[in-house]
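J.: Before we start, here is the structure in question, set down as structure tokens.
The values are calculated or read from the model by the stated rules, or taken from the named source; none is laboratory data. Owing to the predicted nature of the structure, the values given are computational and were not obtained by experimental measurement. Glycine also receives a Cβ, built like all others from the backbone with ideal geometry; neighbour counts cover every protein chain displayed. The accessibility values were calculated without ligands, DNA or RNA, using every heavy atom of the protein model including side chains. Shrake-Rupley method; radii C 1.70, N 1.55, O 1.52, S 1.80 Å.
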Amino acid sequence: WVQNPEWQDDPCCNWELREYVCCMPQDVPAGTETVVTDYDEGMLNSFCRDPAAAKETMKDLFIQMELAEAAADTLASMTSTDQFDQYWEFEEECRGKIEGWDTDESCNSDADCYCSYSSCQSDGRCVTPFEDEYLCYAECFEAEYGTQDPVLFGFLLEELGVARDDEGDAFGLAWGDRVTEDGCRGEREWEQDIGWAGYQWICNNTCTNENTCDRWHWQDQKSEEWREENGDQYTLADGSTLWWFHYSNLYTEEDCALYGGEFTCEWTDHEGNCGWATCVPPIPEDMTIPCMERDACYETCEEDYRSVEGCAASNGTWMPDRYECCPEGYHVHNETWGQRCMFAPVGTPNSWEVYDQGCCEAFGGDWRRTDWGGSCCFGEWYTYVDEWSGEQYDSCREDFEVWPVIDECFQECRDLESDCRQCYMDRDDCCEDTYVGQNQTACLSYTACNNRRIDNCMNGWGCWDDATDVCEGGGFCSDDWGWPTGDEARCEVFGHWDAQMTQETCDSLGGVFDTQNSWEPTCVIPNVATAEDCMPSACQAEIEARSWAKRFPSYEEPASVWLEHWCDAGCYLDPATTAVTVNNYTWFDDWAQTTYWWSECRGNATDRGYDYQSWWDKERTVCRGWDTSSEAQDDCATDGGDFVPYRYRWNPARYGDQAACEAGYCEGDINQGKEDPITGEWFHGQGWSAEQCVDLSEASCDHHCPFCIMGEPGQYELDWGTEGACFNATTMEINSEYKTATRCNSRNDTQWYNCPQPELKMHWDWTALGKSC
């Protein structure tokens, strides 16, 4: 898709350009419009053989000109910037018609679809192939605008080179060439490497690198170079791993030095402490960064007067109340309201208290005669001009002020401002709005099977080989749509507060370290078929406590039990074989009028307490300690217990073999969620056999059927869920007194009416269902 460069560069045409550039009035070649208002009747009578016929021709010409002007105005309004700004409305309106979501009706055949390229699906939806979508929009444009203004539509056909009597896709193809662009459509169009089509602010890296203006630019440039060479992931000095490397993300001096940077203080507080520092990549000696030079100049000007270090280096005296330096040769006076840096030493009288020249000079002052006698100055005299009178006066400056000295130095720094500003302007020219299409190669690299027998066993996804009709690798279980289903047995080990899971720890356990698929680092132990093989022997009591027989004693055990098992870190002791004492406690709840109880095991040697049984956990057979500290581990060993150092979780395999797969999934009542009346625990989604599914499930609907009722609960004073009502035969008002059809129809002035019921296939379309009711 190529835009007209003249249109793109003209602010009078390109409205986006008018954000920055004015549209100046200009003469348009051949832009003069001749306006005809009347004809010269004398000339017609003199030169025309048939003046009457000529007059009629002129009248018809006027009519045609008015029609042409009206058509031009309409064309202008339809192609104005406002129309293009609102193009999305046209697209949204047509999309609603094409996809059918702006109508309550569902389709029964292809003829019911708005677009001739769409087909009616079994669920009542009209679906259009991706490659034909633009032809549907062309049909919508022709239907909407072609009927509104046939004359104007004729001009459009002429512009597109399409005749009115052309058949087939002539208009759609020509229209599509003008208003569509190539792009990626399909179920995987959202993939990141395909990208999005549109204008992007893109910079020429060579140009921007040649115009590095400030520290941020330099950090961006060197960070991007590092990522291109090493990837986004990086490691800090403490061993932690983070994503998306950038020098500004290195917050300590150690981390900065690790990547060759210089940890630079950006600003200090009034006490000389660094308030914020950042890591700056090393800058070559022959490289000049204009705005950094300007900033360095300003910092140098302030260094001797606004920093503790600079003040000490110049032998000045730091004034913490003013956060300024009093230079060498001046004196700090501590006043009740703060500090002053003055010419005169401490102990010198105030100048207005000295009335004699001799006394003034004796204290090191400068005496100057005035009209009213004289004045002593313990500082320096200066002349100023009164703004109102314009007259000059002498005044004494007794305090040393920092800002005039710094400002004078700043004048030299301001000469560097122009270089900094010019660099930013040159850098701006490196970037522009650039149209970027989607990546065609990436788009076409994603494929899907048109055969629902998907091969998931050949190291990835692929379509079934119809020639051999074989799945190498042993096969897999799929659902009725052909998608793989089921899971392998999974043994997972997690860390905790006192022992985080690391790569080294996972390696020692023989597992695979996984940091991506869980909310915390996980070690996955492969090829573990049972919970006993997954967990330490100390967890055996936990496994038994989570067994089907313990949790659901009221129900038959499924053919395949799919229960998750876990074992927490801590100390496990058998009260029957270890040196512990079991203590029992009770507590009466006055509000609930219930007695609660619990028990603990207490180590005879350590006096450490361990949880045992309680009113809500009666079946526990071991004592358990939750503390995982090193001290708790030592006490556990002393008390004769077994310490489990990590947290374990095991999930069984589902549909792990052909027999389990072919047994299928039970959709009966037994698998929809059941509570054991003894333990109060719930189960669902278990691997019942076909016989168990039938025998243990109660009768239920195989799918939900929608139906219409009279109204909400209490509305019309009718019972909730009634599918009809009794109406007054004259007023057609509901008579709630008669709640059955028999009683209602037994009277002459009332008639019972049932609600119309929708077709069963309408269950998916709630809009259509509401309208039907």
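J.: Just checking, how many residues over segment 690-704 are modelled with pLDDT of 90 or more, of a type outside the set (A, V, I, L, M) and surrounded by fewer than 16 Cβ atoms within 10 Å (Cβ to Cβ)?
T.: The total comes to 2.
J.: A further question on this structure: Does at least one position in segment 272-287 carry a residue that is under 23 Å from residue 322 (Cβ atoms), small (Gly, Ala, Ser) and without any contact (Cβ under 8 Å) to a residue 24 or more places away in the chain?
T.: Yes, because at least one residue in segment 272-287 is under 23 Å from residue 322 (Cβ atoms), small (Gly, Ala, Ser) and without any contact (Cβ under 8 Å) to a residue 24 or more places away in the chain.
J.: Among (1) under 28 Å from residue 493 (Cα atoms); (2) in a strand (DSSP E or B); (3) under 49 Å from the mean Cα position of the chain (by Cα), there is one condition residue 601 misses while meeting the rest; what is its number?
T.: Among (1) under 28 Å from residue 493 (Cα atoms); (2) in a strand (DSSP E or B); (3) under 49 Å from the mean Cα position of the chain (by Cα), the lone unmet condition for residue 601 is (3).
J.: Within segment 120-150, count every residue that is over 33 Å from the mean Cα position of the chain (by Cα), surrounded by fewer than 16 Cβ atoms within 10 Å (Cβ to Cβ) and not charged (D, E, K, R).
T.: The total comes to 7.
J.: Also, quick follow-up: Quick one: is residue 744 closer than 30 Å to residue 100 by Cβ, surrounded by 13 or more Cβ atoms within 10 Å (Cβ to Cβ), modelled with pLDDT of 85 or more and of a type outside the set (Val, Ile, Thr)?
T.: Against the criterion (closer than 30 Å to residue 100 by Cβ, surrounded by 13 or more Cβ atoms within 10 Å (Cβ to Cβ), modelled with pLDDT of 85 or more and of a type outside the set (Val, Ile, Thr)), residue 744 does not qualify.
J.: Being open to solvent by less than 40 Å² (accessible area, probe 1.4 Å) and either touching an Asp or Glu at 6+ places or on another chain (Cβ under 6 Å) or closer than 20 Å to residue 582 by Cα (or both) is the filter here; which residues of segment 630-652 pass it?
T.: Once the filter is applied, which keeps residues that are open to solvent by less than 40 Å² (accessible area, probe 1.4 Å) and either touching an Asp or Glu at 6+ places or on another chain (Cβ under 6 Å) or closer than 20 Å to residue 582 by Cα (or both), segment 630-652 yields 632, 635, 636, 639, 641.
J.: Let me ask something else. Of all residues being open to solvent by 70 Å² or more (accessible area, probe 1.4 Å) and over 25 Å from residue 500 (Cα atoms) in segment 618-629, which is farthest from the chain's Cα centre (by Cα)? Just the residue, please.
T.: In this case the residue turns out to be 621.
Every residue, every condition in (1) under 42 Å from the mean Cα position of the chain (by Cα); (2) modelled with pLDDT of 80 or more; (3) surrounded by fewer than 11 Cβ atoms within 10 Å (Cβ to Cβ); (4) within 30 Å of residue 186 (Cα to Cα), yes or no:
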{"site": "27", "(1), (2), (3), (4)": "no, no, yes, no"}
{"site": "36", "(1), (2), (3), (4)": "no, no, yes, no"}
{"site": "39", "(1), (2), (3), (4)": "no, no, no, no"}
{"site": "99", "(1), (2), (3), (4)": "yes, yes, no, yes"}
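J.: Which residues, counting only those in segment 76-97, are touching a helix residue (DSSP H, G or I) at 6+ places or on another chain (Cβ under 8 Å), open to solvent by less than 50 Å² (accessible area, probe 1.4 Å) and modelled with pLDDT of 85 or more?
T.: 94
J.: For segment 503-513, name all the residues that are in contact with a Phe, Trp or Tyr (Cβ under 9 Å, 6 or more places away or on another chain) and under 11 Å from residue 646 (Cβ atoms).
T.: Those that are in contact with a Phe, Trp or Tyr (Cβ under 9 Å, 6 or more places away or on another chain) and under 11 Å from residue 646 (Cβ atoms): 505, 506, 509.
J.: Then there's this: Filter segment 181-199 for residues that are of a type outside the set (Asp, Glu) and open to solvent by 80 Å² or more (accessible area, probe 1.4 Å) and give the result.
T.: Correct list: 185, 188, 190, 192, 196, 199.
J.: Please give the number of the condition residue 22 fails out of (1) modelled with pLDDT under 70; (2) open to solvent by 80 Å² or more (accessible area, probe 1.4 Å); (3) assigned to a loop (DSSP other than H, G, I, E, B).
T.: With respect to (1) modelled with pLDDT under 70; (2) open to solvent by 80 Å² or more (accessible area, probe 1.4 Å); (3) assigned to a loop (DSSP other than H, G, I, E, B), residue 22 is out only on (1).
J.: For residue 194, which of the numbered conditions (1) part of a helix (DSSP H, G or I); (2) within 27 Å of the chain's Cα centre (by Cα); (3) of a type in the set (Val, Ile, Thr) fails to hold?
T.: (1)
J.: Would you be able to tell me the number of residues in segment 352-399 that are closer than 20 Å to residue 341 by Cβ, over 60 Å from the mean Cα position of the chain (by Cα) and surrounded by 10 or more Cβ atoms within 10 Å (Cβ to Cβ)?
T.: 15
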